[in-house]
Amino acid sequence: MWRSESLAWRDRSIEASIEHVWQGGTAHKERAMARQGKEAEELDWDSLGFGLTPAGSMFKATCGEDGEWRSEGVVPWGALQVSPAAQAINYGQAIFEGMKAFRTVSGSVVLFRPGENARRMARGAQRMSMPPVPEGLFLEGVKAAVKANADHCPPEGKGSLYVRPLQLGTGEVLGVAPAPEYTFLVYCSPVSGYFKQASPLELVVEEAFSRAAPGGTGGHKVAGNYSPPLLAQMRARRDNYNDAIFLDCCTGSYIEEANSCNIFAVQEGGAKVVTPPVGSTVLPGITRDSLIQLAKKQGISVEERPLPVHEFLTSLEAFTSGTAVQVSPIGGVTYQGARHAFHSSSTALSLAASLRGIQSGREPDELGWLVPVH
Ligand SMILES: *Cc1c(COP(=O)(O)O)cnc(C)c1O
């Protein structure tokens with residue numbers, strides 16, 4: 001009884017939240033202009049943002065009904081030819097990965113923990129009834145794409161080469177069923193910072209919309225997870241926040257994550273960090289896992305447990321983590337109309353420096369996280 005009433009309340013509040021927030025924007029025009037791969041000489045390393053600047057080529061492999069993957073190797077960047085009845089564009093068999101290749105201080109190009117991305121994508125494939133891309137093929141594809149486009153990897157300090165593996169059900173279906181054919185692609189784009197404004201971030205807690213539900217697909221990079229939160233994200237941006245934070249969908253009282261990054265709270269004067277546990281509602285971020293390991297190495301205790309929103313808001317410090325955002329300190333979070341400020345960012349900055357130190361080759365890679373490609 002209580003449950004259905006509370007859900008009805010939630011539905012009303014969601015109705016009230018659906019308002020027109022789409023205002024067009026230049027990002028679409030920018031993307032429309034990016035249909036052709038760019039020559040490396042045309043790139044201006046100082047004006048990169050997180051927009052698409054496709055590198056000239058991509059890796060491609062396909063898998064037919066026999067379940068065997070066939071590599072086509074590196075092919076020019078360009079449009080795919082798919083049937084209007086392709087499973088992915090009708091029913092959403094589509095998963096992706098996000099990783100970065102970095103240029104180190106010695107000039108070599110390295111990938112950061114790519115085996116973790118391979119395993120995460122394979123778990124996502126299983127959840128979506130798709131044949132997993134074997135780890136060997138995934139690594140071959142990622143290395144081949146990065147090697148072929150290494151001239152698009154910015155100099156150290158100017159950004160990185162964002163690498164986007166993608167697996168799509170490209171075979172045709174009419175009724176809902178797994179696709180008879182799949183395509184695995186890896187394309188690349190040089191990028192710099194994700195958020196336009198410099199940190200610290202201003203975030204707002206989303207109270208009407210949910211991102212993920214227990215037993216659902218929120219713990220995987222399933223393409224369909226990322227557009228439902230856009231309504232909350234665009235409203236947040238319109239209201240001058242950088243992003244929205246989602247709560248658990250069952251009780252609305254625990255912090256989970258943002259649309260594409262994990263969240264940490266720092267407590268006890270920097271002696272402890274707390275982050276929500278991964279599972280079907282919190283994505284197992286590789287940056288998150290790396291920061292947990294680095295924090296432990298620095299003698300910080302780490303708790304992975306549900307994080308009540310009120311406890312989060314009264315923490316000393318808070319930050320987000322992800323491949324795209326790296327480590328970004330949070331300056332303030334607005335919840336139920338009230339802004340809670342975080343006055344410290346020293347733990348985030350110190351963990352960010354450790355991570356950057358390893359990725360740039362300035363600090364020794366003691367944990368064996370870097371994989372050279374060039
Ligand atoms: C990709 C992603 C993250 C961050 O994962 P990383 O492996 O650190 O990039 C966090 N949350 C969501 C929902 C994501 O899609």
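Looking at this structure, is residue 143 open to solvent by 10 Å² or more (accessible area, probe 1.4 Å), under 22 Å from residue 44 (Cα atoms) and not β-branched (Val, Ile, Thr)? Before you say what the answer is, go through the steps one by one.
Working: open to solvent by 10 Å² or more (accessible area, probe 1.4 Å): yes; under 22 Å from residue 44 (Cα atoms): no; not β-branched (Val, Ile, Thr): yes.
Considered against the rule, which asks whether it is open to solvent by 10 Å² or more (accessible area, probe 1.4 Å), under 22 Å from residue 44 (Cα atoms) and not β-branched (Val, Ile, Thr), residue 143 comes out as no.
Would you tally the residues in the range 211-237 being open to solvent by 30 Å² or more (accessible area, probe 1.4 Å), part of a loop (DSSP other than H, G, I, E, B) and of a type in the set (A, V, I, L, M)?
1
Could you please let me know if residue 362 is open to solvent by 40 Å² or more (accessible area, probe 1.4 Å), without any contact (Cβ under 8 Å) to a residue 60 or more places away in the chain, within 29 Å of residue 140 (Cα to Cα) and not in a strand (DSSP E or B)? Spell out how you get there, then give the answer.
Working: open to solvent by 40 Å² or more (accessible area, probe 1.4 Å): yes; without any contact (Cβ under 8 Å) to a residue 60 or more places away in the chain: no; within 29 Å of residue 140 (Cα to Cα): yes; not in a strand (DSSP E or B): yes.
No, not satisfied.
Determine which member of the set 143, 196 is within 21 Å of the chain's Cα centre (by Cα) and modelled with pLDDT under 95.
Working: 143 fails: modelled with pLDDT under 95.
Exactly one of 143, 196 is within 21 Å of the chain's Cα centre (by Cα) and modelled with pLDDT under 95, namely 196.
All but one of (1) assigned to a strand (DSSP E or B); (2) away from the ligand (no atom under 16 Å from the Cβ); (3) crowded, with 18+ Cβ neighbours inside 10 Å hold for residue 339, so report the exception by its number.
(3)
List the residue pairs whose Cβ atoms are under 6 Å apart, where the first residue sits in the range 168-184 and is under 19 Å from residue 141 (Cβ atoms) and among the β-branched types (Val, Ile, Thr), the second is at pLDDT 95 or above and in a loop (DSSP other than H, G, I, E, B), and the two are 6 or more positions apart or on different chains.
170/82; 170/181; 183/170
Would it be correct to say that residue 324 is closer than 28 Å to residue 220 by Cα and either aromatic (Phe, Trp, Tyr) or more than 14 Å from the ligand (Cβ to nearest atom) (or both)?
no
Output the residues belonging to the range 111-130 that are more than 16 Å from the ligand (Cβ to nearest atom) and surrounded by 20 or more Cβ atoms within 10 Å (Cβ to Cβ).
Passing the criteria: only 130.
Would you mind telling me which numbered condition in (1) within 14 Å of residue 95 (Cα to Cα); (2) out of contact with any His (no Cβ under 9 Å at 6 or more places or on another chain); (3) open to solvent by less than 20 Å² (accessible area, probe 1.4 Å) residue 166 fails?
(3)
Identify, please: which residue in the range 70-98 is among the polar types (S, T, N, Q) and outside any helix (DSSP H, G or I) and is, among those, farthest from residue 184 (Cα to Cα)? So that I can check it myself, show each step before the final result.
From the range 70-98, those among the polar types (S, T, N, Q) are 71, 81, 83, 87, 90, 93; that's our starting set.
The next check asks that each one be outside any helix (DSSP H, G or I); those that pass are 71, 81, 83, 93.
On the way: 71: 9, 81: 14, 83: 16, 93: 12 Å.
Once the filter is applied, the top-ranked residue is 83.
With the requirement that a residue be touching a Leu at 6+ places or on another chain (Cβ under 8 Å) and surrounded by fewer than 19 Cβ atoms within 10 Å (Cβ to Cβ), what does the range 281-297 give you? Lay out the reasoning, then the answer.
Keep residues of the range 281-297 that are touching a Leu at 6+ places or on another chain (Cβ under 8 Å), which gives 287, 290-291, 293-295.
If the condition is that a residue be touching a Leu at 6+ places or on another chain (Cβ under 8 Å) and surrounded by fewer than 19 Cβ atoms within 10 Å (Cβ to Cβ), then 293 is the only one that fits.
Which one is nearest to the ligand (Cβ to nearest atom), of the residues in the range 255-280 that are open to solvent by 20 Å² or more (accessible area, probe 1.4 Å) and in a loop (DSSP other than H, G, I, E, B)?
Taking the candidates together, the pick is 260.
Out of all the residues in the range 82-108, which are more than 14 Å from the ligand (Cβ to nearest atom), under 30 Å from residue 361 (Cβ atoms) and surrounded by fewer than 21 Cβ atoms within 10 Å (Cβ to Cβ)?
104, 105, 106, 107, 108
The values are calculated or read from the model by the stated rules, or taken from the named source; none is laboratory data. It should be emphasised that the depicted structure is a prediction, and the values quoted were computed from it without experimental measurement. Positions of Cβ are backbone-derived with ideal geometry, glycine not excepted, and every protein chain shown enters the neighbour counts. Areas reflect the complete protein model, heavy atoms only, side chains present, ligands, DNA and RNA absent. Shrake-Rupley method; radii C 1.70, N 1.55, O 1.52, S 1.80 Å.
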